[in-house]
Amino acid sequence: MKKLIPEIIRNLKNDTPCTLAFITRVKGSSPRGAGAAMLVYPDGACGTIGGGLVEHQATIDARRGLVGLAHYSLTQKQAAGVGMVCGGNMDVCFWPLTRYTLPLWEEIERKLDEAQPVWLVMLFKDGEVAGVSAATRGRVPFYLPESALTRNAHYEKEAFFVLPVLACGHCYVFGGGHVAQQLTPLLAKLDFSPVVFEDRPEFATRELFPDAQNIILGDFSNLELDITADDQCVIMTRGHVYDQRLLSQVLRTPANYIGLIGSRGKIAHTKSLLFEEGFTQSDFDRVHTPIGLDIKAQTPIEIAVSIAAEMILHRAQL
């Protein structure tokens, strides 16, 4: 959804007719789940609701002016043609966008620039979008509990569809070495909004990290960061002393993911130092270490892929 916002704003400013088509429900196998969206306009489209027959038909329906919910069903034979194991059913909502919604989309774009978690809350009436607002933590429409702001698109009381636009916060990458240089562009492409934190000026440069949302030159012993439950922390410094100092601080935050790179010996030593500080096994259980999925990674890019994969899995399970 995040990648559609600039296109939505561009089309609305140009008074180009466009329709937002998004999946509200899925039953059975489907290439994409609830919340997947695409923008359809007269001479093109961007985004995807899964490709294949459903997306093709949905694009036609959007250009024909369909409004509201439509149901699509794939037989097993049709499903095989789009790479699905078996047939599935999905509901797609068609919402023609008008210029009066431009301030809403511009507000969302500002929040995205700041990497703020934001949700679209859509009121449904008679199967159509009857009203919409943007919600953030601490600023939720009066009719919606803040607990409805989850990482997954869903109906709330069968009346409101809650669609996350960006709900991942920042990923703080501590250390600017070879693995960090490979990991950061992957995280950027995966909407983890990476922020690189280094204590060496020569490793805290835009040349090394062109994809980072921000680069901070600071002190590993004194983090002045507001790390929230929406954020992730990846620790990959040049030594266990720095790792221990960082872990000691990061474990005192509500970060939803904490990963530590290193050999088992280095990890054991870091753990013992933390225990001397008063941390418990329960505290250390929050740490993903050795970091990354076990794919027998060797090179920096392979290690980066294993870390990114683990973070994708972790995010999906929240």
Item to check | List Arg99, Arg315, Arg252, ordered by accessible area with a 1.4 Å probe, largest first | outcome: Arg252, Arg99, Arg315
Checklist entry - Relative to the longest principal axis of the chain, what angle (0 to 90°, nearest 10) does the C-alpha long axis of helix 240-250 take? => result 50
Checklist entry - Mind checking the angle between helix 52-63 and the chain's longest principal axis? C-alpha axes, 0 to 90 degrees, to the nearest 10. => result 60
Next on the checklist: List the GluC sites (Glu not before Pro) within the stretch 210-312 that DSSP assigns to loop and that have no more than 10 neighbouring Cβ atoms inside 10 Å.
Outcome noted: Glu224
Checklist outcome for this item: Of His56, His314, ordered by accessible area with the largest first and a 1.4 Å probe, the sequence is His56, His314
Next on the checklist: So if I restrict to the alpha-carbon atoms in the stretch 258-318, what is the Rg, and what is Dmax, the biggest pairwise distance, in Å?
Outcome noted: 12.8, 35
Item to check | Relative contact order for the chain, counting Cα pairs under 8 Å that sit 6 or more residues apart, in percent | outcome: 12
Checklist entry - Sorting Ser263, Ser193 by accessible area (1.4 Å probe), largest first, what list results? => result Ser263, Ser193
Item to check | Loop trypsin sites (Lys or Arg not before Pro), the stretch 1-71, which have at most 14 other Cβ atoms in a 10 Å radius of their Cβ (DSSP) | outcome: Arg64
Checklist outcome for this item: Percent antiparallel among DSSP beta bridges confined to the chain, nearest 5, equals 70
Checklist entry - Can you give me the relative contact order of the stretch 223-308 as a percent, contacts being Cα pairs under 8 Å and 6 or more apart? => result 27
Checklist entry - Which entries in the list Lys27/Lys157; Lys189/Lys296; Lys3/Lys296; Lys2/Lys27; Lys13/Lys125; Lys111/Lys296 go over 30 Å, if you measure between the two C-alpha atoms of each? => result Lys3/Lys296; Lys111/Lys296
Item to check | With DNA, RNA and ligands ignored, accessible area of Glu207 (1.4 Å probe; Å², nearest 10) | outcome: 150
Item to check | Normalised contact order of the stretch 147-272, rounded percent, pairs of Cα under 8 Å and 6 or more residues apart | outcome: 21
Checklist outcome for this item: The percentage of the accessible area of the chain (probe 1.4 Å, all protein chains present) made up of carbon and sulfur atoms, to the nearest whole number, is 52
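Residues with beta-carbon under 13 Å from that of Phe161, excluding Phe161: net charge, scoring Lys, Arg +1 and Asp, Glu -1? Before the final figure, lay out the partial values.
Working: positive: Arg25, Lys125, Lys157; negative: Asp91, Glu128, Glu156, Glu158.
Net of charged neighbours comes to -1.
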Checklist outcome for this item: Taking every other residue with Cβ under 11 Å from the Cβ of Gly292 and scoring Lys and Arg +1, Asp and Glu -1, one gets -2
Checklist entry - Per residue, what volume in Å³ does the Cα convex hull of the chain take up? => result 160
Checklist entry - Roughly what angle does helix 102-113 make with the longest principal axis of the chain, taking Cα atoms, 0 to 90 degrees, to the nearest 10? => result 20
Next on the checklist: Report the Cα centroid-to-centroid distance between the stretch 185-227 and the stretch 240-296 in angstrom, as an integer.
Outcome noted: 19
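The values are calculated or read from the model by the stated rules, or taken from the named source; none is laboratory data. Nothing here was measured: the structure is a model prediction, and the numbers come from that model. All Cβ positions, glycine included, derive from the backbone under ideal geometry; neighbour counts span all protein chains shown. With ligands, DNA and RNA removed, areas are computed over all heavy atoms of the protein, side chains included. Shrake-Rupley method; radii C 1.70, N 1.55, O 1.52, S 1.80 Å.
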